[in-house]
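A.B. asks: One structure is given below, represented as structure tokens, and several questions about it will come after.
The values are calculated or read from the model by the stated rules, or taken from the named source; none is laboratory data. Just so it is clear, the structure is predicted and the values come from calculations on it, not from any experiment. Counting neighbours? That spans all protein chains shown, and the Cβs are built from the backbone with ideal geometry, glycine included.
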Amino acid sequence: MNKRQLDKYAELLIKIGINLQKGEHLVISSPILASDLVKCAVKQAYKCGASNVTVLWNDDEIAKLGYKYRSKKSLAEIPEWAIMQREYFIDKKICYLGISASDPEAFKGIKPEKLAISRRASGLAFKKFHDYTSSNKIRWALGAYPNKAWAKKMFPNLPSNLAIKKLWDYIAKTVRLDEDDPIKAWKEHQDRIVNRCKILNQANIKSFRYTNSLGTDLTVGMPNGYIFCGGAEEGALDGVPFTANIPTEEVFSCPHRSMVDGKVYSSMPLCVNGNIVDEFWIEFKEGRIIDYGARIGYDNLKDIIETDDGSHYLGEIALVGYNSPIRNLNTLFYKTLFDENASCHFAIGACYPTCVEGGGEMTAEELLEKGLNDSLEHVDFMVGTKDLSITAQTHDGKSIVIFKDGDWAF
Ligand code: ZN
Ligand code: ZN
């Protein structure tokens, strides 16, 4: 990506992603290798009137050394200062931009148990901050940055420099940087998504039924007062819309945690904490996962599902047409930010509370009573195929075709 495109990408992340307002404090969390994009983003943020920009750097190699040499006891302890830092961010209502450049297999060779201990500890310690972002009490966005390992994973037959260049081209396409006016193109794209949300939100849907030739036959019930979101997060509690994921193609909500029945097959590999889970299936009864299997990465799938009670239930239902710009590239990105936008998906674990009327203001107990799931996990897995059909049953007995041959019926 040349300097001009980097600037455009940074502009997109700050203006469409965060929608940064004058006087706001922006925190950027990024790997060291993405420093050129971060510098462009910092400049954009100040141009938009940021009062302060703080950058928190991270690095996969350093993290891996920690996983390798630290004891399980040490990995289970999160230092007080790190927790206080998140508290400070919450108090100051900062905006948060995360840049992800991680190697999909960065932690290969590390015992899944150590990764699980660390994930659980940080999940618990930073739960409040996570709850703040997921219920849109602060505005946040995610961007991506290629690295050698990621690019080589996607394009193993190309030399590193060409693989990185190709990955940048792909990112540019998925975030619409190839359009003359990317900001305008984004606004039009968001309008289309918002319109689909409106249709689903007015339909008073009781449940969806998913079927395809892989063997998926799953019924997913919806809670009363469900809200499908997408495009821009209108639900930001400060009233300023933002776009958490760039790219985004999905229209999503939360299912009723105890109204999911049947079996669902994955349609793409799942990459979680540098590990691949592939060709897996999950069976549900009254919402709870009662059985599962995977041809590749069974133990990693097990670690996700066995995290806590809530990781035995679904927390997200997301609809993505088969003809999305990401799917049309016909390449696996090994990164959820992209791959989830290539396919209809569900998430195991926590819901987004704003996906139900008044949810952003509800306590965990109230959300649970509504049928909304909570967990330390939130792991998306893809289920969309070219022949997926989805029909909805409404509370007044109507049947509506939502997806036909893998794509939107409207
Ligand atoms: Zn999603
Ligand atoms: Zn998700």
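A.B. asks: Tell me which residues, restricted to the range 306-327, are of a type in the set (Ser, Thr, Tyr) and either modelled with pLDDT of 95 or more or buried (at least 24 other Cβ atoms within 10 Å of the Cβ) (or both). Please lay out each step first, then the result.
C.D. replies: To start, the set of residues in the range 306-327 that are of a type in the set (Ser, Thr, Tyr) comprises 307, 311, 313, 322, 324.
Of everything in the range 306-327, those that are of a type in the set (Ser, Thr, Tyr) and either modelled with pLDDT of 95 or more or buried (at least 24 other Cβ atoms within 10 Å of the Cβ) (or both) turn out to be SER311, TYR313.
Residues are listed down the side, and each one gets a yes or a no for (1) more than 16 Å from ligand 2 (Cβ to nearest atom); (2) within 16 Å of the chain's Cα centre (by Cα); (3) surrounded by fewer than 23 Cβ atoms within 10 Å (Cβ to Cβ); (4) touching a residue at least 12 places away in the same chain (Cβ under 8 Å):
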{"site": "GLY349", "(1), (2), (3), (4)": "no, yes, no, yes"}
{"site": "THR354", "(1), (2), (3), (4)": "no, yes, no, yes"}
{"site": "GLY360", "(1), (2), (3), (4)": "yes, no, yes, yes"}
{"site": "THR363", "(1), (2), (3), (4)": "yes, no, yes, no"}
{"site": "GLU366", "(1), (2), (3), (4)": "yes, no, yes, no"}
{"site": "LYS370", "(1), (2), (3), (4)": "yes, no, yes, yes"}
{"site": "HIS378", "(1), (2), (3), (4)": "no, yes, yes, yes"}
{"site": "ASP387", "(1), (2), (3), (4)": "yes, no, yes, yes"}
{"site": "THR394", "(1), (2), (3), (4)": "yes, no, yes, yes"}
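A.B. asks: Here's something else I'd like to know. Can you work out which of the residues in the range 190-205 that are polar (S, T, N, Q) and farther than 15 Å from CYS355 by Cα is nearest to the chain's Cα centre (by Cα)? Let's see the steps before the verdict.
C.D. replies: Restricting attention to the range 190-205, the residues satisfying the condition of being polar (S, T, N, Q) are 190, 195, 201-202, 204.
Those still in the list that are farther than 15 Å from CYS355 by Cα too: 190, 195.
Values: GLN190: 17, ASN195: 21 Å.
Among residues in the range 190-205 that are polar (S, T, N, Q) and farther than 15 Å from CYS355 by Cα, the one nearest to the chain's Cα centre (by Cα) is GLN190.
A.B. asks: Do you know which residues across the range 313-351 are of a type in the set (A, V, I, L, M) and within 13 Å of ligand 1 (Cβ to nearest atom)?
C.D. replies: First, pick out the residues of the range 313-351 that are of a type in the set (A, V, I, L, M): 314, 317-320, 326, 329, 332, 337, 342, 347-348, 350.
Passing the criteria: LEU314, ILE317, ALA318, LEU319, VAL320, ILE326, LEU337, ALA342, ALA347, ILE348, ALA350.
A.B. asks: Which pairs have Cβ atoms under 7 Å, sit 6 or more apart or on different chains, and link a residue in the range 4-15 that is of a type in the set (Val, Ile, Thr) to one that is assigned to a helix (DSSP H, G or I) and surrounded by 20 or more Cβ atoms within 10 Å (Cβ to Cβ)?
C.D. replies: ILE14/ALA41; ILE14/GLN44; ILE14/ALA45
A.B. asks: If the requirement is being buried (at least 16 other Cβ atoms within 10 Å of the Cβ) and among the basic types (Lys, Arg), which of these qualifies: LYS8, LYS47, LYS39? Break it down into steps so the answer makes sense when it comes.
C.D. replies: Values: LYS47 fails: buried (at least 16 other Cβ atoms within 10 Å of the Cβ); LYS39 fails: buried (at least 16 other Cβ atoms within 10 Å of the Cβ).
So the residue among LYS8, LYS47, LYS39 that is buried (at least 16 other Cβ atoms within 10 Å of the Cβ) and among the basic types (Lys, Arg) is LYS8.
A.B. asks: Inspect all residues belonging to the range 25-45 and state whether any of them is over 23 Å from the mean Cα position of the chain (by Cα), free of Cβ contacts under 8 Å to residues at least 60 places away in the same chain and outside any helix (DSSP H, G or I).
C.D. replies: Within the range 25-45, none of the residues are over 23 Å from the mean Cα position of the chain (by Cα), free of Cβ contacts under 8 Å to residues at least 60 places away in the same chain and outside any helix (DSSP H, G or I).
A.B. asks: Separate question: Could you count how many residues in the range 175-212 are surrounded by fewer than 20 Cβ atoms within 10 Å (Cβ to Cβ) and in a strand (DSSP E or B)?
C.D. replies: 4
A.B. asks: I've got another one for you. Mind counting the residues in the range 244-267 that are away from ligand 1 (no atom under 13 Å from the Cβ) and not in a strand (DSSP E or B)?
C.D. replies: Let us first name the residues in the range 244-267 that are away from ligand 1 (no atom under 13 Å from the Cβ), namely 246, 256-267.
Still in the list and also not in a strand (DSSP E or B): 246, 256-259, 266-267.
Residues meeting the conditions: 7.
A.B. asks: Further, regarding this structure: Got at least one residue in the range 205-218 being among the small types (Gly, Ala, Ser) and closer than 16 Å to LYS15 by Cβ? Walk me through how you get there before you give the answer.
C.D. replies: Just the residues of the range 205-218 that are among the small types (Gly, Ala, Ser), to begin with: 207, 213, 215.
Filter once more, so that each one left must be closer than 16 Å to LYS15 by Cβ: none.
Checked against the condition, which is being among the small types (Gly, Ala, Ser) and closer than 16 Å to LYS15 by Cβ, the range 205-218 yields no hits at all.
A.B. asks: Name the residue, out of ALA141, ALA149, ALA172, ALA163, that is crowded, with 17+ Cβ neighbours inside 10 Å, not in a helix (DSSP H, G or I) and not aromatic (Phe, Trp, Tyr). I'd like the intermediate steps shown before the answer.
C.D. replies: On the way: ALA149 fails: not in a helix (DSSP H, G or I); ALA172 fails: not in a helix (DSSP H, G or I); ALA163 fails: not in a helix (DSSP H, G or I).
Going through ALA141, ALA149, ALA172, ALA163 in turn, just one is crowded, with 17+ Cβ neighbours inside 10 Å, not in a helix (DSSP H, G or I) and not aromatic (Phe, Trp, Tyr): ALA141.
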